[in-house]
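Enquirer: Before anything else, here's the structure in question.
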Amino acid sequence: MDSLSYKTQHTRPEDVQRKWYVVDAEGEVVGRLCSRIASVLRGKHRVDFTPHVDCGDYVIVINAEKIRFKGNKMTEKIYSTYSGYPGGQKNATPRELLAKVPTRIVETAVRRMLPKNKLGDAMYRKLFVYTGSEHYHQAQKPETLKF
């Protein structure tokens, strides 16, 4: 056995340098786009990824209303919510959601791909979804994220 000792490097929360990215969702397939966004929010694209530290970057999604589904999911997929009260269950298809709240499809898909704990909540707060091509984060000088 060598006398070499290899130490695992763990990123500390105060050492994380975060970037801002813009993603154009126009014409993109929902699941494929959202899995890549979740990976960036989690920080898995970085060489210093640490599973127990929020080392991901900020992501701004524009044109969320122009996202698309493959196959018949636009009419057959069901999004369910439940308020906790009797009779409080609501179901909607993606077509109905796009008409009412177009950002909800991307937000829901990404949220369900993140960890279900406080760390996942912190990662989710770095996601900003907008309809149209305008956003309010020009001061952060976001870079375009290509997949």
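Enquirer: Name the longest site-free stretch of the chain, where the excluded sites are trypsin sites (Lys or Arg not before Pro) in a DSSP loop with no more than 14 other beta-carbon atoms within 10 Å. The partial results should precede the final answer.
Expert: Details: sites that count: 7, 18, 44, 70, 116, 125, 146.
Longest stretch, sites excluded: 71-115.
Enquirer: Another one. Using the Karplus curve 6.51 cos²θ - 1.76 cosθ + 1.60 with θ = phi - 60°, what ³J(HN,Hα) values do you get for each residue of the range 65-76, in whole Hz, with x for Gly and Pro?
Expert: Karplus values, whole Hz, x for Gly and Pro: 7, 9, 7, 9, 10, 8, x, 9, 5, 4, 10, 9.
Enquirer: Quote the charge dipole size of the range 1-80 about the Cα centre in Debye, to the nearest 20; the model charges only the Cβ of Lys and Arg (+1) and of Asp and Glu (-1).
Expert: 280 debye
Enquirer: Using modelled backbone amide H atoms (1.01 Å from N, in-plane), which distant-in-sequence or interchain residues come within less than 5 Å of residue 21's amide H?
Expert: Placed amide hydrogens put 58, 59, 60, 143 under 5 Å from residue 21.
Enquirer: What does the charge dipole of the range 58-129 about its Cα centre add up to, to the nearest 20 debye, if the Cβ of each Lys and Arg holds +1 and the Cβ of each Asp and Glu holds -1? Before the final figure, lay out the partial values.
Expert: Numbers: 15 positive and 5 negative charges, 31 e Å.
In total the dipole reaches around 140 debye.
Enquirer: Along the charge dipole of the chain, Cβ charges K/R +1 and D/E -1, which of 105, 137, 93 sits furthest on the positive end?
Expert: Result: 93.
Enquirer: When Rg is the radius of gyration of the Cα atoms in the range 40-128 and Rh is its Kirkwood radius, what does Rg/Rh come to?
Expert: Computed over Cα atoms, the ratio is 1.04.
Enquirer: Show me the chymotrypsin sites (Phe, Trp or Tyr not before Pro) within the range 1-74 that DSSP assigns to loop and that have at most 12 other Cβ atoms within 10 Å of their Cβ.
Expert: 6
Enquirer: Something else now. Please list, in order along the range 36-41, the HN-Hα scalar couplings obtained from phi with the Karplus expression 6.51 cos²θ - 1.76 cosθ + 1.60 (θ = phi - 60°), rounded to whole Hz, x for Gly and Pro.
Expert: 5, 5, 4, 5, 5, 4
Enquirer: Turning to a different aspect of this structure: Compute, for the chain, the length of the dipole vector about the Cα centre, with Cβ point charges of +1 (Lys, Arg) and -1 (Asp, Glu) only. Units Debye, rounded to 20. Mind dumping the intermediate values first?
Expert: On the way: 26 positive and 16 negative charges, 81 e Å.
Here the chain has a charge dipole of around 400 debye.
Enquirer: Could you please state, rounded to a whole Å, how far the C-alpha centre of the range 1-72 is from the C-alpha centre of the range 75-132?
Expert: Cα centres, the range 1-72 to the range 75-132: 19 Å.
Enquirer: Right, here's the next one. Within the range 1-68, which GluC sites (Glu not before Pro) sit in a loop by DSSP and count at most 13 neighbouring Cβ atoms inside 10 Å? Intermediate results must be reported in sequence, preceding the final value.
Expert: Working: sites: 14, 26, 28, 65; in loops: 26, 28.
Those that pass, being in a loop and sparsely packed, are 26.
Enquirer: Under the classification rounded if a/c is under 1.5, otherwise prolate if a/b is larger than b/c and oblate if not, where does the range 81-147 fall, given a ≥ b ≥ c as square roots of the Cα gyration tensor eigenvalues?
Expert: Oblate is the answer for the range 81-147, as a/c is 1.5 or above yet b/c matches or exceeds a/b.
Each reported figure results from applying straightforward, stated rules to the coordinates on display, with no laboratory input. Keep in mind that what you see is a predicted model, and the values were worked out from it rather than measured. Cβ sites come from the backbone with ideal geometry, for glycine too, and all protein chains shown count toward neighbours.
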